Amino acid sequence: MKKKRNSSHKALTGVLMATSAVGLAPAKLPAQGVEARSRAQQPAARPERFDVPAGPLDAALKQFEAATALTLRIDAPIVGMQTKGVQGEFTPQQALARLLDGSGLTFVFTGEKVVMLRPRGSTVLDAVNVTATPRVSSAKYTAPQVDITRSVAVIPKDILQAQGATSLRDAIRNVPGITINAGEGGGGMPGDNFNIRGFSAANDLFVDGVRDLSGFARESFNLEQVEVLKGPNSGITGRGSTGGTINMVTKVPSLRADRSGAIVLGSADQRRATADVNQPLHVPGIPGAAVRVAAVSSNSGVAGNDVIEYNSWGVAPSLSVGLGTSTQVTLAYTRSEQDNIPSYGVETFNGVPTVDTRHFFGLRSLDFEKVNSNNLALKAAHVFNEHLTLRNQFSSAHSDVGRIVTPVNPTTGARSPKTHAVENDILTNQTNLTSSFETGAVGHDFVAGAEFTRENSLRGAYTIATRPFPTIANLNAPTADADYQSAITRTVTRTVRAQSAALYAFETMKIGSKLELNGGLRWDSYKPEYTDSASKATIASTGNAPVRTTNVSGNAAVNFKPTVGSSLYFSYGTSFNPATENLSNDAVSANSKLPPEKSRSLEVGAKWELFKQRLLTSFALFRTEKTNARTTDPANPGLGTILAGKQKVEGGEVSVTGRITDHWAVLAGYSRMSGKYVESPNPAQTDAPFTNVPAHSLNAWTSYAVTKRLEVGGGGRYVDRRLLRATATSTVYVPAYRTYDAMAKYQLSSTLGLQVNLMNLTDELYYDSGRMWVPAAGRAVSVTTSVKF
């Protein structure tokens, strides 16, 4: 009998299910005439000159109407809203998108000369929103995706919902060139740990642009979109980012009342309930106020394994004031907890085990993972005029992750628990000043800012009193309920504190309508301080105190624009990786005082907006080099590390995202990569292939609205084999795999929908990473009942 962990979040499950049940009464769908009008053709995208100043949005829209001869129909209150204006050559669609930026409004052509403005989230018109390609959220990027001179992937929440995704890991599977690495603590399942273009991105995860140190698997219930920016990015984000960065954009309030919920039932005892409620507030004297609450309660196993459990709950309230005005303030809080039974499977570097790895090899009475996470953010923005905007964000994040997970040795059957106990706190303040102006015939978009961070990490382990652990006599018939009990004690072995400061500036110069030059510099200061447990000497007496790292990173690019909706670019960027960047080095290790690794990247690419700017296609060739990689000191093998290696990953990527027609959406990408050690003081390593670099990776997802009620979709993923370990006597790979998924959604009424997802249709046995051989989920089905009320 499978043991379920019943925690206090059952109460939240009941609340969510009750909330989701509201509004189930059938209602008529919008009239056929509305849908027919939504299919109307948009006018040809011809650039025009616009000079609409910042100020009241209603006045700006009237000026836009006069300049374009378009008729705007507005289905939302706009009195009191402000706009940053628009100056320069744009198509009418691009100009209107800029006028509405930050207003919470979207638009769609309902006729050749008629445009409907509505709050974001409208069920009918959002499906044909001409601004289908999402913008990157960071204020450091002033351009739309087509003009960003690097490879970018944005996965919006609509894709996540269509795929039945429940985690960040699910979202990242939509991006080629990314592999899932062994989780923090050495295992293959717990924790989000990715490789981007062959380089570790374990320290390169961000929430709303702020670094997130938490070592756990993140939920998707509060995600608006996930952004992946590839290539060395220290000029934007600071330390790390050799392969790129991942930014999770959270949900915030808008001015449209929107209430939705969903109940999911599926394979492996999946039971999941979510709610997302957004409500404008009419407060005298406080314009543009709104509140939003997202929540989740989830209990699930893993298809193909009858012991693994993932149980979580979370709530994310947020409050905004001043939406649509020149001054906006948002206060947001996210709280989540997890109580899991994870698996580390079979532990070996010698390739895929010959035993059936879909068994659970741990101990139910010992293995656990508990996560407690809190995140508070205060964001403020003020638009002074059409040329100047000031933004500030203060964030406080806390996470506490503890786990004991037991893999098995495939040769001896011996169990060997791995323990992990880390508590992280991080305080961050970011300030960005954005300015746009012209000097003669040259336009300028300028961003300057400062960032200050204080990080604190209590790193430890669990002491398990009773040894030895029960061995497994028959690896093809293990029991998770072996007779074993032991007292466990959590200890802190190391305290790490780090202070960071950064100053940066970026500029894009627009020379006429065809040429753009952009570049930027960032100065970082990073100073960690280590204190070991009482059983060790303090860091000051070891002679190995980590040094303060100061570094200047930069990026530069040339962008030629044959048309308004296309770009041909060449870019260069750098990054740096301090030895203590993830706060995990031992305080008495000589590695702690090594200088940082340095990396650089060259990328040439092209981007096109097709089908009336609804579809973005991208192509890029890249080369990333780590010029002074850490490697074993041949004069002191096993003990010393020096900066004497050189690593290189190069390849190409193609991606397509957006809509081909009003009813046909697509998200697809392909990556071709190769990597190797170019130089090393160890002869066996020189010219050796790089680990975790699949030669080919491909993903595709598409959906089609067959009728106004029925939508179908599906896709697949392929990841080529990637090197796990190479020695003089053997070469071990993580095998290639391919999976296929399908979806069907039927809108029963305007408030009630039904969605069926089929995952891993062929029941492929595959592994996200090696060493700890834990199969990914097998064939599974989920049924989602969604409501709007």
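For the reader, a short list of remarks on this structure follows.
- Here ALA700 clears all of (1) at pLDDT 95 or above; (2) open to solvent by less than 30 Å² (accessible area, probe 1.4 Å); (3) out of contact with any helix residue (DSSP H, G or I) (no Cβ under 8 Å at 6 or more places or on another chain); (4) not aromatic (Phe, Trp, Tyr) except the condition numbered (2).
- In region 609-625, the qualifying residues are those that are modelled with pLDDT of 95 or more and more than 22 Å from the chain's Cα centre (by Cα), and the one that is farthest from GLY565 (Cα to Cα) is GLU625.
- Cβ pairs under 7 Å, 6+ apart, first in region 97-119 and modelled with pLDDT of 80 or more, second among the small types (Gly, Ala, Ser): LEU99/ALA60; LEU117/ALA76
- Those residues of region 707-737 which are closer than 23 Å to VAL649 by Cβ, assigned to a strand (DSSP E or B) and modelled with pLDDT of 95 or more, in sequence order: ARG717, TYR718, VAL719, TYR737
- Scanning region 317-327 for residues that are assigned to a strand (DSSP E or B) and surrounded by fewer than 22 Cβ atoms within 10 Å (Cβ to Cβ) yields PRO317, LEU319, VAL321, THR327.
- Selection from region 421-443 of residues that are open to solvent by 20 Å² or more (accessible area, probe 1.4 Å) and touching a strand residue (DSSP E or B) at 6+ places or on another chain (Cβ under 6 Å): GLU423, ASP425, LEU427, ASN429, THR431, LEU433, THR434, SER435, SER436, PHE437, VAL442
- Set ASP306, ASP356: member being closer than 30 Å to THR727 by Cα and at pLDDT below 95: ASP356
- Selection of region 361-417 for residues being assigned to a strand (DSSP E or B), among the hydroxyl-bearing types (Ser, Thr, Tyr) and touching a residue at least 60 places away in the same chain (Cβ under 8 Å) yields SER373, THR389, SER395, SER399.
- Extreme residue, modelled with the highest pLDDT, among residues of region 333-353 that are open to solvent by 30 Å² or more (accessible area, probe 1.4 Å) and in a loop (DSSP other than H, G, I, E, B): VAL352
- Residue in region 669-682 that is in contact with a Leu (Cβ under 6 Å, 6 or more places away or on another chain) and either at pLDDT 90 or above or part of a loop (DSSP other than H, G, I, E, B) (or both) present: yes
- Candidate set: region 193-210, residues that are open to solvent by less than 10 Å² (accessible area, probe 1.4 Å) and charged (D, E, K, R); chosen: the one nearest to the chain's Cα centre (by Cα): ASP204
- Some residue of region 714-729 being touching a helix residue (DSSP H, G or I) at 6+ places or on another chain (Cβ under 8 Å), within 28 Å of ILE263 (Cβ to Cβ) and either surrounded by fewer than 19 Cβ atoms within 10 Å (Cβ to Cβ) or among the charged types (D, E, K, R) (or both): no
The values are calculated or read from the model by the stated rules, or taken from the named source; none is laboratory data. Nothing here was measured: the structure is a model prediction, and the numbers come from that model. Backbone-built Cβ (ideal geometry, glycine too); neighbour counts: all protein chains shown. Ligands, DNA and RNA are excluded from the accessible area calculation, which covers all protein heavy atoms including side chains. Shrake-Rupley method; radii C 1.70, N 1.55, O 1.52, S 1.80 Å.
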